[in-house]
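Single-structure report; data block below.
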Amino acid sequence: MKSNAIVNAFMAFFIIHTSQFGMGILGAPRIVYLESKKDAWISVLLSGIAISFITWIMISILKQNENRTLFEIHENLFGRMFGSIINVVIVVYFMAVHYSITISYVELSLTWGYEGLYEWVGVLSLVLITIYGVSGGFRVVAGICFLSFIIFIWMLFVLYQPLQSLNLDRILPILSTSPTEIMNGVYKSTYTMLGFEALLFLFPFFKEKNKVHLYSQLAVWFTTFLVLIITIFSILFFSSKELEVNIWPFVSIISTIRFPFIERFEFIVVSIWIIVIFPNLCISLFLSSNGVKQIFRIKQKYGIWIISIIIFICSFFITKRVDNDYFIDKVAQIGFFLWFVYPVVLYGIITIKSKIVGRS
Amino acid sequence: MKSKNVFLDYQEIRTILNDSPDLMCRKMELGRQTIQIVFMKNLINQEVLNEYVIKYMQTIPEKHLNYTYLVNNIPIEEIKTENEKNEFISSLLKGFSYIYFLNEKKGFMVNCNNTLERSIEKAETESLVYGPKISFTESLSSNIKIIRQNLNDYNLCTDSLTIGERVKKEVRIVYIKDIANDETLNNLKERLEKIKPDNINDSSVLAQCLEDDHYTFFPQLLLTELPDRFIYSILNGRIGVFMDGSPVAIIGPANFFSFFESTEDIYLRWSLSTFIRFTRIFAMIVSLFLTAFYVATMTYHFELIPSKLLIIIGQSRSQVPFPPLLEALLLELLIELLREAGARLPSKVGQTMGIVGGIVVGQATVEAGLTSNILIIIVAFSALGAFLAPIYEMGTAIRIARFPCIILAGLWGLNGIMISVCILMVHLLKLTSLNKPYLAPLYPFRKEDFKYFLFRLPHHFYTKRPVVNRPKDTIRIRER
Amino acid sequence: MKLRFFILVSTLICTSCVPPSKIIEMQGISTILGFDLLDDETYKGTISLLQFDRSQGKTSTTISAEGSTSKEIRQRLEQQTSHDISSGQLRTILFDKQIAEEGLFSFLDTMLRDTRINPFIFLAITDKSEETINSKEYEEFPEMGSYMYQLLDKHEKKEMLINSNLHDFISALYESGIDPTLPIIKNIKGEAPFIEGVALFKDDKMVDSISLIKTFYIKLFTNNNAFLGDLTLTIPSDKLEKTGVLISENAENEKYKITLHPINYQGEIEVVNNEIVNLNASISVSIIEIQPSASIIDKESTRKLERLIGEELNNEFEKILEELKILETDPIGIGRKIKSLRKYTHLSNEELSEKYSALKIMPNITVEIKRPGAVN
């Protein structure tokens, strides 16, 4: 694998943004709304601020270990044995993320026009294109992020059509929910926003390291902005009960879009969403296989295959809606502790260690 | 190491050349000297031999009739004195005559070859509305001449190489020394040296041998027969390759978008060329996915059809006995048949073929209810789209790449199309041309090169050469 | 290379598992669907299917079936046709008045669950949906479904009709403080079906209907983006003379008819205090017709005319509002506006409707005459 490939700093924007933006956004407005009601958008904004802070911490950690991924930092900090144990947890987490994205997309597309197809067929097709993408090394993965962004971003301009169905009264009054509910909303919105942790593992691949912080902040804020917009749209578009029962509110909003040459635009969007989740899949597979490479000291290629086969086998067992929900919920929970709490702890450990080393 | 000067006698040459009836030996006795002239009858220009060799030798005083004097004074521009055996024979076969002094046991070769060549004509495969119409010919020397004539720069290098084990062909690497990137140049030279075939038929074969990825649909090196395109390219830091006997030049490194540019884009006004270039790229996308989209919609997603079109499309499909996938594949195949027949037949018959095929067969299949007329429009449109690519090879690549898309669309509908988009995306990202990324300047993103490859601007914007070629001298227009 | 080969092979393996295809000519594509109530538990469903066969003259066939749920009806409909009945191109759903009076929710819930049904299909009420669908009068359109769709779409965009698609209906139904409305389609033999009026709902039950013209006032406050249709006012001539707008040349006419063409409009619900709600709206109009012809020249008389028209509209609106209050239905969304204010945000639905019937609602429409037509 050409893991030493180097990309420009501004690619950090595309990589981080596209690894954040994916399946979560389709259902996020509802999930956050269930907790913090009309003030869901405040929750999203708050979690944006939190992520921005975490990104700053991540960059501070990485600045002290310029050319190391988090896997290597762990080995360096805790020793080979203990570091590998943490790395295994992280690899399993990324595998779970990979599976959660795959299965939730397959579920979506089965609901939208593909009833009767086996889940494993959908999973297999996604797994195969992901293997093909990741086997090209980091340069190709970064390229996928970039192209996917370019292919998708114009879709946001289509949102001008539902504008007239919005009703401003639905979001008023602001701050009618209690702070605890808003904080619950923040917690719930993290699954959508996860993905910025890729920075911890990809930092050595970037060229101008001092610019990476700027671009990753931009990416994080751009994602927050998009999630915010879509959340506000959903709140204004649906009445409260309607939003609570709609599993994919974003798709329903899209379904109002109508062109003279095409009806039912949401079917196209559901298909195009393959391209949107493609970077997600590639990055999670790339990171987990990179971890496998680090832990077992084997070629990344084998990691890719092993993980893909595990993912494929999973698709025979976890397929029901309730199971998926439970699974995704757990992934979100672990993701929250791993990437919202753990970096702060790690930062503490690293600072203390460097002080001890500096003193002695 | 064998001796460099091999002086074969006539008999030995005869054996090597398998008693060729063309091999002639003219013995001349001039004074004390006996001179033997050995040549291949059909390959030499008899006039040259008569006028400048035989007559010359007859007119000069006898004391000058020796090896040293003649080597220095014979009025022919190219002579060879030191020859290895193999090269001696191949020179003879190229049309050299061997002048051998029997007394001195020494000889040299003079060039009096008479190659058959076409006169310089208008370009056939790449036709232009504006701009120079001249095209390359099969002769390497006249090609180099055309380039030298139009690109008067002392830094223009034309490095020579010989390729082929049995049939030796001269290959010229053409570049401008202070512009072309060294790394790319060395890379190209290495690859050229690695090629060891018996024979290379044409430079298009050479291009295939030089490619980074031999398995892909997509061409990675530009093939052109237009000198102006060639010159434009090497001035932008690319490297060109000529091969003797081929009217097509190879240009590299190429990127995906350079297959959609035509030199005419420079000659036309920027607004029009930008428009045309977008049209080409749009046509490429349409050509790749339109039939696939039809198949997907007809098979899985009839919801997408606007209500006004629904009845028209439904009616046209109602009599068709095949599923949409088969219907589309049949019709695509039909178009390919027509195209191939038109290309192979003499041009007048070819035109008739087109009309018969296009109108009669098309009309008849629709009337018989074998295909829907909507599909005929779509297939014709996507066939047109593929022809819009200025480089013929790219057009063929698109035509081929369309089929997997159609099949995937027939199997999985729109999701199949999107999966094929993903595969295509990864594939293009993986490709390189002479180790330079194929999808540049889109990825790696070089916005300053967009004006070269994606659209056109008025000419005073072109102050720098495209970065993707990594030229040594980046400045094109120095600011005053 | 091995990799690519592998991918190729696995793609081929995958190809054996394709989703069940929905090839267009195999589909019984329904464009309009109607439900009628037969007796307590049985409904009759009628569906119009597109016919693609060119050799037959007609473009659609209708089939009907009876059953107790919409899915059961669907199954019975399937028995009557060789095509798969699919609702991907469904544009309109009709209900007869009895169903509407009983409640539409159970039907609409199944519609929402089905992703093949666009949430933007129109809903409408009619006397007997089977007859309406079976009607052969549909102008130049190929079949009833597309005619009905065009009819409702045009009226929503250019005339008085309030948004009446599935999403709007469900959205209003689920929301506290606003009640949905649906158009009523009238079917007379020998004529193309037309819009007769608008049904008012309380929750999902139809309570009454008003004429299409009257929905002008409701649309002022619910939809600011569409156009409004023309409005004709009848004003007694002495009233006009009293305010000094016009000096009629021949006093024989007892009343003037003024037709207004709204250019744009802006409506706003203003909650003044606990008891009073103002409905402020400003409309700019052009006068396209005055019968009998009279001229409005000076600034003064234009202003007076504006005020007069405003008063007329307010009077009319007040009557409608009274009517709505008696019916306890709130299509304008006054309740929603109240609920969006901080101090009322915790009101329950019952409290809200109590509050609504106790409210004093003041219409306040101002008119601005932009152009008095082509002649002065």
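Which members of the stretch C:131-160 meet the condition of being away from chain B (no Cβ under 14 Å), out of contact with any helix residue (DSSP H, G or I) (no Cβ under 9 Å at 6 or more places or on another chain) and crowded, with 19+ Cβ neighbours inside 10 Å?
C:E156
Tell me which residues, restricted to the stretch B:146-163, are over 30 Å from B:S273 (Cβ atoms) and not in a loop (DSSP other than H, G, I, E, B).
B:C157, B:T158, B:D159, B:S160, B:L161, B:T162, B:I163
If you scan the stretch A:141-161, which residues turn out to be in contact (Cβ under 8 Å) with a residue 24 or more places away in the chain and within 11 Å of chain B (Cβ to nearest Cβ)?
Listed by number, the residues that qualify are A:V141, A:A142, A:I144, A:C145, A:F146, A:S148, A:F149, A:I151.
Please go through the stretch B:294-326 and pick out each residue that is farther than 26 Å from C:E143 by Cβ and either assigned to a helix (DSSP H, G or I) or outside the structural domain of B:V361 (by TED's automatic domain parsing) (or both).
B:V295, B:L325, B:L326
Quick one: which helices (runs of 4 or more DSSP H) sit completely within the stretch B:12-115 and have at least 2 residues that are farther than 20 Å from B:K169 by Cα and touching a Phe, Trp or Tyr at 6+ places or on another chain (Cβ under 7 Å)?
Qualifying helices (runs of 4 or more DSSP H): B:67-73.
Looking at the stretch C:169-182, is at least one residue away from chain A (no Cβ under 14 Å) and buried (at least 16 other Cβ atoms within 10 Å of the Cβ)?
Within the stretch C:169-182, one or more residues are away from chain A (no Cβ under 14 Å) and buried (at least 16 other Cβ atoms within 10 Å of the Cβ).
For the stretch C:114-130: of the residues being of a type outside the set (K, R), free of Cβ contacts under 8 Å to residues at least 60 places away in the same chain and assigned to a loop (DSSP other than H, G, I, E, B), which is surrounded by the fewest Cβ atoms within 10 Å (Cβ to Cβ)?
C:D114
Whether any residue in the stretch B:327-337 is touching a Leu at 6+ places or on another chain (Cβ under 7 Å) and within 13 Å of chain C (Cβ to nearest Cβ) is what I want to check.
Yes, because at least one residue in the stretch B:327-337 is touching a Leu at 6+ places or on another chain (Cβ under 7 Å) and within 13 Å of chain C (Cβ to nearest Cβ).
Could you say which residue among C:D179, C:D168 is in the same structural domain as C:T110 (by TED's automatic domain parsing), assigned to a loop (DSSP other than H, G, I, E, B) and of a type outside the set (K, R)?
After applying the criteria, what remains is C:D179.
If you scan the stretch A:255-301, which residues turn out to be under 18 Å from B:L414 (Cβ atoms) and more than 11 Å from chain B (Cβ to nearest Cβ)?
A:I257
Check the stretch A:154-162 and report whether any residue there is over 24 Å from A:R68 (Cβ atoms), surrounded by 17 or more Cβ atoms within 10 Å (Cβ to Cβ) and among the hydroxyl-bearing types (S, T, Y).
No: zero hits.
Only one of these conditions is not met by B:N469: (1) more than 16 Å from B:L290 (Cα to Cα); (2) surrounded by fewer than 24 Cβ atoms within 10 Å (Cβ to Cβ). Which number is it?
B:N469 satisfies all of (1) more than 16 Å from B:L290 (Cα to Cα); (2) surrounded by fewer than 24 Cβ atoms within 10 Å (Cβ to Cβ) except (2).
With the condition kept exactly as written, say whether any residue in the stretch B:151-171 is buried (at least 17 other Cβ atoms within 10 Å of the Cβ) and within 21 Å of B:P390 (Cβ to Cβ).
No: the stretch B:151-171 contains no residue that is buried (at least 17 other Cβ atoms within 10 Å of the Cβ) and within 21 Å of B:P390 (Cβ to Cβ).
Tell me which residues, restricted to the stretch B:370-380, are surrounded by fewer than 21 Cβ atoms within 10 Å (Cβ to Cβ) and under 15 Å from B:L338 (Cβ atoms).
Within the stretch B:370-380, B:I376, B:A380 qualify.
When you scan the stretch A:204-217, how many residues do you find that are under 19 Å from the mean Cα position of the chain (by Cα) and farther than 12 Å from A:M11 by Cβ?
Here the count works out to 2.
Looking at the stretch A:230-254 only, could you name the residues that are at the interface with chain C (Cβ under 9 Å from one of its Cβ atoms), surrounded by fewer than 23 Cβ atoms within 10 Å (Cβ to Cβ) and either basic (K, R) or outside any helix (DSSP H, G or I) (or both)?
A:S239, A:K241, A:N246
Considering each residue of the stretch B:204-238, count those that are closer than 25 Å to B:T463 by Cα, outside any loop (DSSP other than H, G, I, E, B) and not aliphatic (A, V, I, L, M), and give that number.
Within the stretch B:204-238, residues that are closer than 25 Å to B:T463 by Cα, outside any loop (DSSP other than H, G, I, E, B) and not aliphatic (A, V, I, L, M) number 6.
For the stretch B:445-454, which positions are within 18 Å of B:A254 (Cβ to Cβ) and surrounded by fewer than 19 Cβ atoms within 10 Å (Cβ to Cβ)?
The answer is B:R446, B:F450, B:K451, B:L454.
Taking C:F201, is it surrounded by 20 or more Cβ atoms within 10 Å (Cβ to Cβ) and either in a helix (DSSP H, G or I) or aromatic (F, W, Y) (or both)?
So C:F201 fits the description; yes.
Can you go through B:E340, B:E367 and tell me which one is exposed (fewer than 13 other Cβ atoms within 10 Å of the Cβ) and within 14 Å of another protein chain (Cβ to nearest Cβ)?
B:E367
To keep it simple, each residue is scored yes or no on (1) surrounded by 16 or more Cβ atoms within 10 Å (Cβ to Cβ); (2) among the aromatic types (F, W, Y); (3) free of Cβ contacts under 8 Å to residues at least 12 places away in the same chain.
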position	(1), (2), (3)
B:Q11	no, no, yes
B:K41	no, no, no
B:Y52	yes, yes, no
B:Q58	no, no, no
B:E62	no, no, no
B:L65	yes, no, no
B:E82	no, no, no
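Kindly check whether there is at least one residue in the stretch C:40-51 that is polar (S, T, N, Q) and at pLDDT below 85.
yes
Within the stretch C:263-376, which helices (runs of 4 or more DSSP H) (wholly inside it) include 2 or more residues that are acidic (D, E)?
Answer list for the stretch C:263-376: C:299-327, C:349-358.
The values are calculated or read from the model by the stated rules, or taken from the named source; none is laboratory data. Quantities reported herein were computed from a predicted structural model and do not represent experimental measurements. Here Cβ is always computed from backbone atoms with ideal geometry, including for glycine, and neighbour counts include all displayed protein chains.
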